[in-house]
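For reference, the structure discussed in these notes is given below.
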Amino acid sequence: MKKVLALILALMLGITLAACGKDKSDEKVSDSDVITGGWTEPESTEVTDEVKNLLNKATAQLAGGTYEPVAYIGSQVVAGTNHRILCKFTPATKDPKTTYAIVTVYEDLEGNAEIIEILHSEAEVMVKEEVIDGGWFAPETSKLSKEVLDVLKKASANVAGAVYTPVVLLGTQVVAGFNYSMLCEITPVTENPESHYAIVVVNQSADGTTSILETYDFVAEDAK
């Protein structure tokens, strides 16, 4: 009986030592263990001098138009940092129409900057320097008020299959009520949703009813 117990103990010891001596470098790392940098929303969408300089540096060699920053909408930590910037794009044409674009700038650890993606929208920038009666005017702050948030919430409730998240207010127009232009992040209600940005124009009529008038998606520059 003692010999049997001794044999069992010896086998258990051998198994333990083998497990401890296993080279962990042979273990496969699953995809779930790999964490990639996600996008982070900024505390403020304000365009700082740092953001302006970064955009100017990245777009200095671009031909075909100019990019004016409107709002800083996201960052992503990689081997450096990716920055998402909402811009007004004015093409270098005879009768240019200024539209919105989302520019993604990569800033490396040495401070160099380059464009990695440009998304264009067909949404025309309606806010002009000279405000006229019935025209669009820029908000005092890009931060959305509770009133505007409620208008979007009510209007988007009638759109099935998508969730609208406001990012920044771009303009207001006084009509028989109000029109609001804003940048939104739209997330489809699916199992593996992929969100996208769009310029959304929302109306609030004088009687308080709300509706989405226009939605302008962004597409990659080479897809235009």
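Coordinate-derived values only; no laboratory data. Computed from a prediction, not measured in an experiment: that's the story for all the values here. Cβ atoms come from the backbone with ideal geometry, glycine included; neighbour counts cover every protein chain shown.
Remarks
- Were the residues from residue 147 through residue 95 laid out at 0.36 nm apart, the gain over their Cα-Cα distance would be 15.1 nm.
- Measuring how big the stretch 33-85 is from its alpha-carbon positions, Rg and Dmax come out at 12.9, 43 Å.
- Neighbour-limited loop hits for trypsin sites (Lys or Arg not before Pro), the stretch 83-155 (at most 11 other Cβ within 10 Å; DSSP other than H, G, I, E, B): 94, 97
- Segment residue 185-residue 76, extension gain: residue separation times 0.36 nm, minus the distance between their alpha carbons: 37.6 nm
- Here the 3J(HN,Hα) profile of the stretch 112-123, calculated from phi with Karplus coefficients 6.51, -1.76 and 1.60 at θ = phi - 60°, is 6, 10, 8, 7, 10, 6, 10, 10, 10, 10, 7, 5 Hz, Gly and Pro shown as x.
- Residues in the stretch 123-164 that a label on residue 174 would reach, taking backbone N under 18 Å of a point 7 Å out along Cα→Cβ: 127-141, 148
- Cα Rg, Dmax, the stretch 39-122, angstrom units: 12.6, 41
- A convex hull fitted to the Cα coordinates of the stretch 74-224 yields 152 cubic angstrom per residue.
- Ranked by how many other beta carbons lie within 10 Å on average, peptides 62-72, 44-54 from highest: 62-72, 44-54
- Treating each Cα of the stretch 136-223 as an identical point scatterer and summing with the Debye formula, the log10 of I(q)/I(0) at q = 0.14, 0.15 Å⁻¹ comes to -0.49, -0.55.
- For GluC sites (Glu not before Pro), the sites in the stretch 135-224 that DSSP calls loop and that have at most 11 other Cβ atoms within 10 Å are 140, 191, 194.
- Here the extension length gained between residue 192 and residue 108 equals 27.1 nm, from 0.36 nm per residue of separation less the Cα-Cα distance.
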